[in-house]
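Report on the following structure.
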Amino acid sequence: MKTVTCSHFSGHTPPTNTRKVNSIYSAVLPKSTSPLCRSVSSFTRTLLDLNTKSSEVWKICPSAQDFQIGCSLPSSVLIHPISQIPESAASLKSEKIPDLFRVLYLQDLSASGFPGATFAWEHPWESPWNQSIAQFILKHWQHAHQSGVFKIFYIDPIEASNNKLHMGTLHRWFLGRAEGLRLGRFSQIQKHRQQTLSNLNITAEHKALFDTLGCSSETEKLPDKSLVKVPLSWRSTEFQLLAQQLDKIHIRKKMSTKGPKYTTNYTIENRRLDPISPISPAFSNVPTNLPINCYAPEYIKTLTDTQKILLNSKPAINFPALLNMIQIPYLYSSSPPDGTLDLETNTDHHLQLQRQSC
């Protein structure tokens, strides 16, 4: 029988490298195709709403304020009782978990005062927020198991009673999903922007401007494959312009390889159309750790001193220089010129922006 103990991790601290974690877990966890792992995966997908094809809610990271609140809540929030599972949902006909369990999950989170319902994918597994979400998920998994919901999975009774095994299984699932988001598997727009920036001879930090999913989750795909714009009100005009320029380059590349019909089959520019009627800016799901001039001044003005600290903004970058560089023909070649473009703005300009944000 496999068990998970802290001794498997050097210094009792779990490693952060996905491959290393999976390598360790492969020796102590059941295979991902095992009854236990299938039940945890299927149950988690329902609780986080991954089974709904058009759903994006599972990807949305908490705001800085909600993250702070969630991380500061005591563990006692987990003791709130879960509503009884109806008999109709206690006997599964397949391994797909009914949506009722998501309803119970959301009710529990609301009653407990926890300000979110999904993982903070950009934060480590060990963060208080992610540990709380994991404990809520496993709390509901255990409640469902005790109610006989997982009989169809035929879970090993010893594995079913091993809490550390459950947490390790969920940790492995989290790593796979977070890795997918980081690599852009769930955001085509994010991926093509990353690819275009990767061809520039700039610092790794600046190449990572769109590594955060929240910087690119601004569109909805329609049935005809066209894209419509979902505005990111928190983003500065300069950062918005950079995104537009990267998208135009992507379109030109695709047209050169697939022909003009590409833009009719997959009209990426559609999302650049302005809304028909103006709406008040709604600042939500704002990513942290970006250069200060990636954020709109209107957004910065709404922040309290504490929220500005939590935003953890980086020094401003020289957007005009970057925009000028992506017009250079070498972008399409495999041999960029020597020398790294200095995208850091001068000290006076950075200090001025910092004063404006305070």
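Is it true that some residue in the range 28-44 is closer than 16 Å to Arg177 by Cβ and charged (D, E, K, R)? Yes - at least one qualifying residue is present in the range 28-44. In the range 91-103, the residues that are closer than 19 Å to Thr118 by Cβ form Cβ pairs under 9 Å with partners that are assigned to a loop (DSSP other than H, G, I, E, B) and β-branched (Val, Ile, Thr), at six or more places apart or across chains, as follows: Ile97/Val149; Asp99/Thr52; Leu100/Ile85; Phe101/Ile85; Phe101/Val149. Once the range 57-74 is narrowed to residues that are of a type in the set (Gly, Ala, Ser) and part of a helix (DSSP H, G or I), the residue that is surrounded by the fewest Cβ atoms within 10 Å (Cβ to Cβ) is Ser72. For the range 119-139, filtered to residues that are surrounded by 20 or more Cβ atoms within 10 Å (Cβ to Cβ) and not hydrophobic (A, V, I, L, M, F, W, C), the residue that is farthest from His80 (Cα to Cα) is Asn130. If the condition is being in contact with a strand residue (DSSP E or B) (Cβ under 9 Å, 6 or more places away or on another chain), modelled with pLDDT under 80 and aliphatic (A, V, I, L, M), then the range 189-214 contributes only Ile189.
Under the condition of being over 20 Å from Gln131 (Cα atoms) and free of Cβ contacts under 8 Å to residues at least 60 places away in the same chain, the residues counted in the range 151-173 number 1.
If you go through the range 168-185 one residue at a time, do you hit one that is modelled with pLDDT of 95 or more and among the aliphatic types (A, V, I, L, M)? Yes, the conditions are met somewhere in the range 168-185.
The values are calculated or read from the model by the stated rules, or taken from the named source; none is laboratory data. Nothing here was measured: the structure is a model prediction, and the numbers come from that model. Reconstructed Cβ throughout: ideal geometry from the backbone, glycine too, with neighbour counts over all protein chains shown.
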